[in-house]
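Accompanying notes for the structure given below.
The values are calculated or read from the model by the stated rules, or taken from the named source; none is laboratory data. Keep in mind that this is a model prediction, so the values were computed, not measured. Virtual Cβ from ideal backbone geometry, glycine too; neighbours counted across all protein chains shown. Ligands, DNA and RNA are excluded from the accessible area calculation, which covers all protein heavy atoms including side chains. Shrake-Rupley method; radii C 1.70, N 1.55, O 1.52, S 1.80 Å.
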Amino acid sequence: MSLKNLLTWSKTEFSQLPWRQNRSLYRTLVSEIMLQQTTVGTVKNHFERFLVRFPTLKSLAAASEEELLVAWKGLGYYRRARNLKKIAEALANDHGGEFPHDLGALMEIPGIGPYTANALVGIGMDKRALAVDANLERVIARLLNLKTEKGPKLQKEIQTLFVNKKIFNEKLSFRELNEALMDLGRTYCQARKASCELCPLKKDCLAFKEGTPLSIPMMKGEEKKKATEHELHLLRVFVMKKDKVLVYQKGEKEWLSGQYEVPTFILSTTDKTLKQYPSFPKGTKVDPLFSFKTGITKYKIQNSVLLMGEKEFKALAFANKSEWRSTESAESNFSTATLKALAKLNTSR
């Protein structure tokens, strides 16, 4: 298999990505955790800003959870941020701030699984390792026309072929290989769209030669149906006092755990099992100032904003303990929806 065209294409098109500059194992760790479940475009907008706030492993390990969540704002899936801090703490406390240089030792660190360990070795250290995420799984399965079911079995088959040097045994940079395969899966070799004519590996791709790229990797039975999406209409209640707003901190099992949000109620939803917020008291008058849309997991959210006085708010008997927080401080750790509503309230005044 000739990989020269692939590596040249990747370096030409994507070498400017910020995590591919000023290489270090710490920068590699941060980028790989950020890129899980988040698009490249979103991470590009947050990566350097996060590293300005936490430039070293030691500074991240010493951060408070609130400082961490403020810096992570906009990236979503906040469990990843906590996991990143857990890794930083383990490395700082148990490994002298240094990264072990073999897969087994890396995977003994709490928070580091097979994918992250392989990414640190293959991408961060430029050693022989393959970080098999969904993109690599799909690209390699199509290249080799592998008929194994998508998931752990297929990933294991790919790793076995790699470890036994049945694939990618050329003399090359494994950092460049991993990143090029990721780039290919993100652009030309997507799950539901294969732009094979543009692909630098089309001459070597067995699925392309058979004309069946979109049928690989194979799904179990019929292709899984898209998760049901739900409509959710929330009422965001703003109680203001000079430069402060009344908010409550989201609990551990709630969306956006650790962040601060204005008292929020469900006006309506297609998900009758949803317990994230209380229902708005029936019979209470609602005359929102404005609405805006957001989304989280499988929910399409319409957010209506209501200004209310303290006395009126107390009558709602909101169960969560609330507190006053400054709207001027960047460290207030407000949820994205709260920040969006505050920005619009400020411009309408």
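Points to keep in mind about this one:
- Test: residue in the stretch 19-42 that is assigned to a helix (DSSP H, G or I), among the charged types (D, E, K, R), out of contact with any Phe, Trp or Tyr (no Cβ under 9 Å at 6 or more places or on another chain) and at pLDDT 95 or above: no
- Residue that is nearest to the chain's Cα centre (by Cα), among those in the stretch 252-281 that are under 16 Å from Ile301 (Cβ atoms) and in a strand (DSSP E or B): Glu261
- Given (1) at pLDDT below 95; (2) surrounded by 15 or more Cβ atoms within 10 Å (Cβ to Cβ), index of the condition Glu170 fails: (2)
- Residue pairs whose Cβ atoms lie under 8 Å apart, sitting 6 or more positions apart in sequence or on different chains, and linking a residue in the stretch 223-251 that is assigned to a loop (DSSP other than H, G, I, E, B) and modelled with pLDDT of 95 or more to a partner that is surrounded by fewer than 21 Cβ atoms within 10 Å (Cβ to Cβ) and charged (D, E, K, R), are Val239/Glu310.
- Test: residue in the stretch 141-151 that is surrounded by fewer than 20 Cβ atoms within 10 Å (Cβ to Cβ), touching a residue at least 12 places away in the same chain (Cβ under 8 Å) and under 23 Å from the mean Cα position of the chain (by Cα): yes
- Breaking point among (1) open to solvent by 30 Å² or more (accessible area, probe 1.4 Å); (2) touching a strand residue (DSSP E or B) at 6+ places or on another chain (Cβ under 8 Å), for Glu157: (2)
- Conditions (1) open to solvent by 60 Å² or more (accessible area, probe 1.4 Å); (2) within 26 Å of Lys156 (Cα to Cα): number failed by Leu25: (1)
- Test: residue in the stretch 221-230 that is closer than 30 Å to Leu342 by Cα, surrounded by 16 or more Cβ atoms within 10 Å (Cβ to Cβ) and in contact with a Ser or Thr (Cβ under 6 Å, 6 or more places away or on another chain): yes
- Residue among Phe50, Phe99 that alone is surrounded by 20 or more Cβ atoms within 10 Å (Cβ to Cβ), part of a helix (DSSP H, G or I), at pLDDT 95 or above and not hydroxyl-bearing (Ser, Thr, Tyr): Phe50
- Out of Ala330, Ala315, Ala343, Ala319, one residue alone is without any contact (Cβ under 8 Å) to a residue 40 or more places away in the chain, hydrophobic (A, V, I, L, M, F, W, C) and open to solvent by 60 Å² or more (accessible area, probe 1.4 Å). It is Ala315.
- Single unsatisfied condition, Gly211 versus (1) in contact (Cβ under 8 Å) with a residue 12 or more places away in the chain; (2) more than 30 Å from Ala119 (Cβ to Cβ): (1)
- Residue count, the stretch 152-187 (criterion: farther than 16 Å from Asn118 by Cβ and within 21 Å of the chain's Cα centre (by Cα)): 4
One line per residue, one yes/no per condition, for (1) within 20 Å of His46 (Cβ to Cβ); (2) at pLDDT 95 or above; (3) touching a Leu at 6+ places or on another chain (Cβ under 7 Å):
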residue	(1), (2), (3)
Ala62	no, yes, no
Lys73	yes, no, no
Ala88	yes, yes, yes
Thr116	yes, yes, no
Ile123	yes, yes, no
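- For the stretch 1-19, taking the residues that are loosely packed, with under 13 Cβ neighbours inside 10 Å and touching a residue at least 60 places away in the same chain (Cβ under 8 Å), the one that is farthest from Pro200 (Cα to Cα) is identified as Glu13.
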